[in-house]
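K.L.:
Take this structure first; my questions come after.
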Amino acid sequence: MAKIQAPVTKGDVIHVTFTDLTHEGKGVAKIKGYPLFVENVLPGETGEVEVTKLNKGYGFAKLIRLDNAAPERTNPVCSVYDECGGCQLQHMTYEGQLNMKYSQVRNVIDRIAKLPEVPVHPVLGMEDPWRYRNKAQVPVGLSGGRIVAGFYKKRSHDIIDMTECFIQHGESDEIIQKVKDVCAINGVMPYDEQRHKGVLRHVMARIGYATGEKMAVLVTRTSDLPNKEAVIEGIRKAVPGITSIVQNINPDKTNVIFGNQTRTLYGEDVIYDLIGDVKFAISARSFYQVNPVQTEVLYNKALEYAGLSGDETVIDAYCGIGTISLFLARKAKQVYGVEIVPQAIEDAKQNAELNKISNAYFEAGKAEEVIPAWYKQGIRPDVIVVDPPRKGCDEALLQTILDMKPKKVVYVSCNPGTLARDLRILEDGGFKTMEVQPVDMFPQTVHVEAVAQLVWVNK
Ligand code: SAH
């Protein structure tokens, strides 16, 4: 289809009606079929916008004035909502957010998977959709002679100073403020990105929701931390009961947050958390689910869909630090987990030991290479769980699943579009999608997580 030429010019001020919301949370207004994307508006609203950028096929505009508010409109609680970009849906009621996420999943299951008859359940949301994140990492810099820590302003590297983030655990905010203050008092200069000078680049706070354990990570440009002892003392005093203070060294001129070297300055190397009754050790660098409350909801759904009786062999593809594998292991005969990041597999093995789980085997490698090798070795899973990154499952892996013909596939997905694409491939190969359950892991943001159950029907 030919791309529509823009019927407007940059700088035009026009009156529009918003008819849709993109998966990025932007409102859509169509001018003679040409879509304009606008932040901070909702379907059903009308208003005046200024055209800011035109591409072939679509453009952008900014809201000048809103005429009417949609029933889902609410006031964002955060004072830096417009500048930050971390949340995209604070201007929408939580109920509205859940409905929007439901429609997104329903829509791709209908259109891409072509499964309009498959039930998609209402999104499992949070009772309290705030303060859910267990990990906060913020850049540190200098602004007007003052040390600031917060977020990069949208599409820039200017740091907005922020004292409170409503989707973070309250203690994370406190840890970040205290570390910033203690560093300022003790002459630890913030990092200057332009000149590649200064010391403190990022501060990360991690909280074990179930255990209350707290970790602070100071990412520094230099190995030397000025007034180290005083800084450690200061943080310990300011954050009573802190479990772990860690320094990570990143000497490079880069946007990547962490460097390769990590040392514990005070206390433990790890903090612990629980998902259900499985305990996890989390180091400064470990990958770990950021919303532990909803992770448990999601994994319980995956467990229910797996329908384990204790006799099953289960494969957990894209297993990360083995969270799903270990969650299922107690209900299965044997679990095999595979993950591409070797360090995550080390964590998975340690977490298995920590929980005295001996029927979980972990291997580092690509799921699309390791699982076919397991198949050749004679491993015959009853259930395969996949939890791929946004791009979905590798085609070779989907083919291996079709070859292995497990009784069930449980597909955990962070991207409904690729979920729907892969469901279609599995359906064409002989699986039947029974149901899909979206779970809201990231309230106030546009992210949607969903889990689908498939059964093998084509004998
Ligand atoms: N199941 C885990 C992690 C899911 S995130 C949990 O619930 O916590 C997706 C994971 O897939 C990441 O850990 C990523 O490193 C891994 N990954 C990406 N590509 C992969 C591949 N080709 N093979 C195996 N793992 C891969």
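The values are calculated or read from the model by the stated rules, or taken from the named source; none is laboratory data. These numbers come from a predicted model, not from an experiment. Cβ sites come from the backbone with ideal geometry, for glycine too, and all protein chains shown count toward neighbours. Calculation scope for accessible area: heavy atoms of the full protein, side chains included, ligands and nucleic acids excluded. Shrake-Rupley method; radii C 1.70, N 1.55, O 1.52, S 1.80 Å.
K.L.:
List, please: which pairs have Cβ atoms under 6 Å, are six or more places apart or on different chains, and start with a residue in the stretch 301-323 that is in the same structural domain as residue 340 (by TED's automatic domain parsing) and of a type in the set (D, E, K, R) and end with one that is in a helix (DSSP H, G or I) and within 12 Å of the ligand (Cβ to nearest atom)?
P.N.:
Taking only residues 6 or more apart or on different chains, the pairs are 316/324; 316/325.
K.L.:
Report whether or not residue 31 is among the hydrophobic types (A, V, I, L, M, F, W, C) and open to solvent by 70 Å² or more (accessible area, probe 1.4 Å).
P.N.:
no
K.L.:
Run down 271, 324 and say which single residue is away from the ligand (no atom under 14 Å from the Cβ), open to solvent by less than 70 Å² (accessible area, probe 1.4 Å) and not in a loop (DSSP other than H, G, I, E, B).
P.N.:
From the options 271, 324, the qualifying one is 271.
K.L.:
Here's another thing I want to ask about it. Note down all Cβ pairs under 7 Å where the first residue falls in the stretch 394-406 and is within 16 Å of residue 377 (Cβ to Cβ), the second is open to solvent by less than 10 Å² (accessible area, probe 1.4 Å) and within 12 Å of the ligand (Cβ to nearest atom), and they're at least six residues apart or on different chains.
P.N.:
400/371
K.L.:
Condition (residue is part of a loop (DSSP other than H, G, I, E, B), on the phi > 0 side of the Ramachandran plot and at pLDDT 95 or above) applied to the stretch 244-264: is it met by at least one residue?
P.N.:
no
K.L.:
In addition: Does the stretch 20-31 contain at least one residue that is under 28 Å from residue 415 (Cα atoms), touching a helix residue (DSSP H, G or I) at 6+ places or on another chain (Cβ under 9 Å) and in a loop (DSSP other than H, G, I, E, B)?
P.N.:
yes
K.L.:
Which of the residues spanning the stretch 41-77 are under 18 Å from residue 445 (Cβ atoms) and surrounded by 19 or more Cβ atoms within 10 Å (Cβ to Cβ)?
P.N.:
41, 42, 72
K.L.:
Given the condition away from the ligand (no atom under 12 Å from the Cβ) and not in a helix (DSSP H, G or I), answer yes or no: does some residue in the stretch 293-302 qualify?
P.N.:
Looking for residues that are away from the ligand (no atom under 12 Å from the Cβ) and not in a helix (DSSP H, G or I), one finds none in the stretch 293-302, hence no.
K.L.:
Out of curiosity, is residue 286 within 12 Å of the ligand (Cβ to nearest atom) and in a loop (DSSP other than H, G, I, E, B)?
P.N.:
Taking the combined requirement at face value, the residue satisfies it.
K.L.:
Okay, moving on. Collect the residues in the stretch 303-320 that are of a type outside the set (S, T, N, Q), more than 13 Å from the ligand (Cβ to nearest atom) and open to solvent by 10 Å² or more (accessible area, probe 1.4 Å), keeping them in residue-number order.
P.N.:
Answer for the stretch 303-320, where residues must be of a type outside the set (S, T, N, Q), more than 13 Å from the ligand (Cβ to nearest atom) and open to solvent by 10 Å² or more (accessible area, probe 1.4 Å): 304, 307, 308, 310, 311, 312.
K.L.:
Could you tell me which of the residues 350, 334 is farther than 26 Å from residue 456 by Cα and in contact (Cβ under 8 Å) with a residue 24 or more places away in the chain? Break it down into steps so the answer makes sense when it comes.
P.N.:
On the way: 334 fails: farther than 26 Å from residue 456 by Cα.
That would be 350, the only listed residue that is farther than 26 Å from residue 456 by Cα and in contact (Cβ under 8 Å) with a residue 24 or more places away in the chain.
K.L.:
Here's another thing I want to ask about it. When the stretch 96-155 is examined, which residues are found to be closer than 30 Å to residue 176 by Cα and over 20 Å from the mean Cα position of the chain (by Cα)?
P.N.:
Just the residues of the stretch 96-155 that are closer than 30 Å to residue 176 by Cα, to begin with: 97, 125-155.
Residues satisfying the conditions are 140, 141, 142, 143, 144, 145, 146, 147, 148, 149.
K.L.:
Which ones in the stretch 169-185 are farther than 14 Å from residue 146 by Cβ and open to solvent by less than 30 Å² (accessible area, probe 1.4 Å)?
P.N.:
Scanning the stretch 169-185 gives 172, 173, 175, 176, 179, 182.
K.L.:
Against the condition basic (Lys, Arg), surrounded by 23 or more Cβ atoms within 10 Å (Cβ to Cβ) and in contact (Cβ under 8 Å) with a residue 24 or more places away in the chain, how does residue 214 come out, does it pass?
P.N.:
Judged against the criteria, residue 214 is a match.
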